[in-house]
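Notes follow the structure.
Read the figures in this text as sums done on the coordinates, not as results from a lab. This structure is a prediction, so every number in the text was calculated from the model and none was measured. FYI the Cβ positions are ideal-geometry reconstructions off the backbone, even for glycines, and counts take in every protein chain you see.
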């Protein structure tokens, strides 16, 4: 019985270490290519792109899920902090380190998104909605596992599933058109 209860924690730790190694490797590569300051900033901007421009808490996973498992901090609280850091980082970079955006295709597209409010901020708005909806859903799943808020989850589970499916369909449709307007070719 104890082996089963430790298995999810171990899987989370392995995923956390794996994602951490990817981030460190990417930082090392960009630092080698562009220098420590610009490469480090480009790696941080790439992380913030995944925070601000993807509709799930993928970049926040580095913090949200481990904090929830280890300390019981609700993922919504840690994700708000992740978004605060990502937004602050980009405000700083746009003001003082704009050259870091010129390092990769992803950061160049990200700069275009950030500096063109209409229509590209829709990517950030859609991503925020998707991220916080998925975080709410994730928190509910964790609560069910820990026997809290079970009635709320069961009474609203089907509604959440329909909302998530409809929302992600909308996001995919919107992303396709917004990414195409950025001039990025999407594989078919």
Here the FRET efficiency for residue 182 versus residue 73, based on Cβ atoms and R0 = 30 Å and rounded to 0.05, is 0.25
Given R₀ = 30 Å, what would the calculated FRET efficiency be for residue 162 paired with residue 122, taking r from the Cβ atoms and rounding to 0.05? 0.85
